[in-house]
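The structure that follows is given in the form of structure tokens.
The values are calculated or read from the model by the stated rules, or taken from the named source; none is laboratory data. Note that this is a predicted model, so its numbers are computed, not measured. Cβ placement follows ideal geometry from the backbone for every residue including glycine, while neighbour counts extend to all protein chains displayed. Remember, those area values only see protein heavy atoms, side chains included, never the ligands or the DNA or RNA. Shrake-Rupley method; radii C 1.70, N 1.55, O 1.52, S 1.80 Å.
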Number of protein chains: 2
Amino acid sequence: MEDKKTYASPESFAMNGGKGPSSYAQNSIYQREAAEAAKEKINKAIADHFDIKTLSASLNSVLQNIIEAIKLQYISKGVHTEIPEFIVFFNDHVSNDFNTLFKSLPLNKQYIAAGVPGSFHGRLFPKESLHFIHSSFALQWLSKVPIEVMDEGSPAWNKGRIFYTNAQKEVVEAYATQFAKDIDSFVFARAQELVVGGLLALFIPAIPDVMSNSDTFIGTELDLLGSCLMDMAKVGLGSEAKVDAFNLPAYVTTTKVLNALIERNQHFNFERMEILNNKSKYLTLCNPSMRSLFLRSAFEGVLEKHFGNDIMDELFNRYTEKVAESSFFLNAEANKSIVLLVLLKRNNY
Amino acid sequence: MEDKKTYASPESFAMNGGKGPSSYAQNSIYQREAAEAAKEKINKAIADHFDIKTLSASLNSVLQNIIEAIKLQYISKGVHTEIPEFIVFFNDHVSNDFNTLFKSLPLNKQYIAAGVPGSFHGRLFPKESLHFIHSSFALQWLSKVPIEVMDEGSPAWNKGRIFYTNAQKEVVEAYATQFAKDIDSFVFARAQELVVGGLLALFIPAIPDVMSNSDTFIGTELDLLGSCLMDMAKVGLGSEAKVDAFNLPAYVTTTKVLNALIERNQHFNFERMEILNNKSKYLTLCNPSMRSLFLRSAFEGVLEKHFGNDIMDELFNRYTEKVAESSFFLNAEANKSIVLLVLLKRNNY
């Protein structure tokens, strides 16, 4: 009789919790720098597009920066007495370390903080309940590994690798198809959650249009990580079959691909897409140990789930050594990974 | 120029986290039974007082039971297609174990879950953003220990005890005054957060009007816990000065006192106050080890903060022994603690 809407939790790939050396919190300088680079652009977007008339008594957003920009809008329009109270919902997987997140929030914050566990690939919030959504370094995660790449009988079987870089075209296509589906469902879910006129701001890691993944840091190094796992299998730490059965549920898009995916949606006006000028990336990427920690903070959770915790130290030690031996990784110019800023405005459709 | 509203976190006293033997999760049968006893009453309150016309697209509540009761309202009025999406905000201190909470939520839940860290003694949510607030076994916690009871120069100095039971009247009064202040600020904060017509449902542990705290389990046993600390101080585990400097930030009210405090508020109509018939309490209270675990799950956090972790096992072992030796605790009839259900409706004031 009634609509039994359920909010189930899909597969979960959480970043490393806590504040230790391999925690995500200690290894996200790159992400912080990109956020800094985007600050002015988001401020301008809010000044240009954010209609304060659409706001009700509560306003949801995700960053103090965004809050300040919105407040400025009220002040500049002479209605600062109408500045609303802010609630910021922090979303991450159920297995994310929300305890550490909550403890790390500033004591004098000017917003109410809430944690919302669940996958951003599905619905997270009630209909038309949010005014600003910001997704930061999240959409490179797929909702799942494409089934075909784990199927021994399929031409897309990704044997001996853990990522699509340097794989046959069927593997690359399977990953690309999954990414397209995930972007569609993400954009659709966020469209339902935003009020008309609400903004969606995305930071998405990508590579330039002219390049293939095998020319980039992220592609090459994930291949390198896969080769460490294969080396270990050969000396009895794990097995090749186990490596064959594992693939990273991630995808690195290009400006062109993402542009086409976003343009085909009907619920948003495409306000802006651009490459963020991320100044410090060379600095943070050139040290082999830091590079290894960076990767470990992001991928250990999903690797551990498949290979077990006891080979993680060995894996990342080997990885650090391989990175140190590779001249490619010592050449800062070789890093062509970029970060895309996408700004969308919810329309009436 | 603008209103720098901040949401600071006051002192924090969290229940024991995780799922181990001394966790709060494993030692809250008493609380669960009370919730069961209140189910029908809350359902009736919703049927009588909940005006579905006041609901916007998102609806906040705290229990699946409440959600079902509200859904029934829509169905019984023939507007089941208008059943809103539900978001449930779980509030607890910043130091609460939200990770375990999120992991323990059912996969097929019919609401969106959010965690909101912070003290319920202050504002937690934006103005007029909630439709139903439920506070369960929380208001016995004071926002702080009254200053006087820790002041050696004050007639309210609570020397050699950790609670106001059996203390001089100045101590009892200081605690009562703090409780009154805390209820006032709690009720005021919730009034701001609720929409007009919204409901506030409280479960509050209490004792019957005719009794003093020293006649009750909770009073006597906290005295017993204090005496264990004094015994330990005498054999060099801690010091008497340390016991003098510690007081539990908790208060057990009576129907009469609470009634007077609630009645003086202007923002709520007083719909109902009654004693819940909590069937199983005798069962859960009569076993010394369980009694000890029950107390430990609730009070270890605040005790540990003052006395250190290393004497906790010793303390609760001694406590279990004292409970076992006391004939008082073996007499089920001696437990006179009750649970009050209070139902309030936000008015237009």
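Highest mean first, what order results for B:232-243, B:157-168 on Cβ atoms within 10 Å? Before the final figure, lay out each step's value.
Details: B:232-243: 14.6, B:157-168: 21.1.
The most tightly packed comes first, giving B:157-168, B:232-243.
Here's another thing I want to ask about it. Got a sec? Which residues of region B:98-123 lose 40 Å² or more of accessible surface with every protein chain in place, vs. that chain alone, 1.4 Å probe?
Checking the loss per residue gives B:Asn99, B:Phe102, B:Lys103, B:Leu107, B:Lys109, B:Gln110, B:Ile112, B:Pro117.
Please report the buried accessible area for the interface of A with B, total over both chains, probe 1.4 Å, in Å² to the nearest 100.
Details: alone 16500 and 16520 Å², together 29360 Å².
Interface area, both chains combined: 3700 Å², rounded to the nearest 100.
List, shortest first and in nm to one decimal, how far the label point of A:Ala241 (7 Å from Cα along Cα→Cβ) is from its counterparts in the other copies.
Copy-to-copy label distances for A:Ala241: 6.8 nm.
Between the label point of A:Val79 and that of the same position in each other copy, find the distances and list them shortest first in nm, with every label point placed 7 Å from Cα along the Cα-to-C-beta direction.
Label-point distances to the other copies, shortest first: 2.8 nm.
Further question on the same structure: Which of the peptides B:145-153, A:92-100 is most tightly packed, and how do the rest follow, judged by the mean count of other Cβ atoms within 10 Å per residue?
The peptides rank, most packed first, as A:92-100, B:145-153.
Could you pull out every residue, at least 5 positions away or on a different chain, whose amide H is within less than 5 Å of the one on B:Val116? Hs are placed 1.01 Å off N in the peptide plane, and Pro or chain starts have none.
A:Gly115, B:Phe90, B:Asn91, B:Asp92
If each label sits 7 angstrom from Cα along the C-beta direction, how far apart, in nm, is B:Asn287 from its counterparts in the other copies?
Copy-to-copy label distances at B:Asn287, shortest first: 5.4 nm.
Per residue in region A:124-164, which ones lose no less than 50 Å² of accessible surface when going from chain alone to all protein chains (1.4 Å probe)?
Correct list: A:Pro126.
Highest mean first, what order results for A:114-125, A:64-75 on Cβ atoms within 10 Å? Write down the numbers at each step before the final one.
Values: A:114-125: 21.8, A:64-75: 18.5.
Put in order of decreasing packing, that is A:114-125, A:64-75.
Within 10 Å of each Cβ in A:72-85, how many Cβ atoms from other chains are there, averaged over the peptide?
On the way: counts 1, 0, 1, 2, 0, 0, 0, 0, 3, 2, 0, 3, 2, 11.
Per-residue shielding by partner chains comes out at 2.
Further question on the same structure: Accessible area of region B:55-156 with a 1.4 Å probe: how many percent of it is carbon plus sulfur? It would help to have the intermediate numbers written out before the result.
On the way: 2090 of 3820 Å².
Carbon-and-sulfur percentage of accessible area, whole number: 55.
Additional query: Tabulate in residue order the Karplus-calculated ³J(HN,Hα) for region A:140-148, using 6.51 cos²θ - 1.76 cosθ + 1.60 with θ = phi - 60°, rounded to whole Hz; enter x for Gly and Pro.
For region A:140-148, the Karplus-derived couplings read 6, 7, 7, 5, 6, 6, x, 4, 4 Hz, x marking Gly and Pro.
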